[in-house]
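Report on the following structure.
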Amino acid sequence: MQEVDLKHIPDDELLTLFKAGDRTAYEQIYNRYWAIMYVYARKVMSDADDAQDIVQEVFTYLWHKGATLMINSLSTYLYTAVRYRIFDLLDHKKVRTDYKLYLQQFIDEGEYITDDELRIKELTAVIENEVSQLPSKMREMFELSRNQGLSHKEIAEKLGVSDLTVKKQVSNAVKILKTKLKLFSIFISINF
């Protein structure tokens with residue numbers, strides 16, 4: 001008989017009974033407002049499951065904290081609580097979407113350096129430094145050979161020296177660089 005009476009009592013009396021610990025009052029609040037709150041949430045949320053979860057969270061919170069909540073109007077409280085949960089979820093989804101977009105943009109456009117790429121950059125810098133320290137004629141012949149891909153004969157003609165001189169200078173440059181790079185590779189293997 002009491003349940004029939006609860007269906008017809010106003011919200012403020014129902015709320016008073018609920019705060020006093022009447023479980024059937026909570027059930028009546030739930031039955032009275034769940035569908036209305038779901039429709040309200042569904043108007044804003046494109047995902048039906050999200051709308052349902054939001055409404056369920058609000059009613060769960062009401063169940064656990066209802067006796068301590070300062071509620072003047074039940075309907076105002078429920079609408080406000082659902083609205084704030086919607087805002088929280090939308091903010092959270094926006095942050096997640098923004099993060100996914102940022103990550104994809106970083107992958108598409110950004111530079112990311114693996115250990116191998118870092119070692120290659122370091123090795124290239126060491127080689128360039130060592131080449132710059134070669135004697136000037138040796139360096140010139142080495143760079144024409146390695147950077148421009150000229151043959152020993154082409155270099156000799158360009159610089160007005162013999163093929164043998166070019167061959168000897170390039171060979172000496174390679175030996176010097178190999179020695180320096182062995183030291184670098186030992187250093188790299190110790191540090192990595």
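What's the FRET efficiency of Met70 with Thr16 using the Cβ-Cβ distance as r and R₀ = 22 Å, to the nearest 0.05?
Numbers: r = 13 Å, r/R0 = 0.60.
Given R0 = 22 Å and the Cβ-Cβ separation, E is 0.95.
I'd like the FRET efficiency for Val95 and Lys182, computed as 1/(1 + (r/R0)^6) with the beta carbon distance as r and R0 of 41 Å, rounded to 0.05. Please report the intermediate quantities before stating the final value.
Details: r = 51 Å, r/R0 = 1.25.
The calculated FRET efficiency here is 0.20.
Ordered by packing density, taken as the mean number of other Cβ atoms within 10 Å over each peptide's residues, highest first, how do 25-31, 127-133 rank?
Working: 25-31: 18.0, 127-133: 12.9.
My ranking of the peptides, most packed first, is 25-31, 127-133.
Between Ile9 and Thr80, what is the label-to-label distance in nm when each label sits 7 Å out along the Cα-to-Cβ direction?
Once both label points are built, they end up 2.3 nm from each other.
Starting from the 7 Å offset along Cα-to-Cβ, what nm value, one decimal, do you get for the label separation of Ser136 and Lys158?
Label at Ser136, label at Lys158, 1.8 nm between them.
What list of ³J(HN,Hα) couplings, whole Hz, do you get for region 68-83 from phi and the Karplus terms 6.51, -1.76, 1.60, once you set θ to phi - 60° and write x for glycine and proline?
Result, ordered by residue: 9, 6, 8, 10, 8, 10, 4, 5, 4, 4, 5, 4, 5, 4, 5, 4 Hz.
Taking the Cα-to-Cβ direction at Ala48 and at Val174 and moving 7 Å from each Cα, how far apart do the two end points lie in nm?
Distance between label points: 7.4 nm.
All of the numbers you see were taken from the coordinates with simple rules; none came from a lab. None of these values were measured; they are calculated from a predicted model. For neighbour counting, all protein chains shown are included, and Cβ atoms are generated from backbone atoms with ideal geometry for every residue, glycine included.
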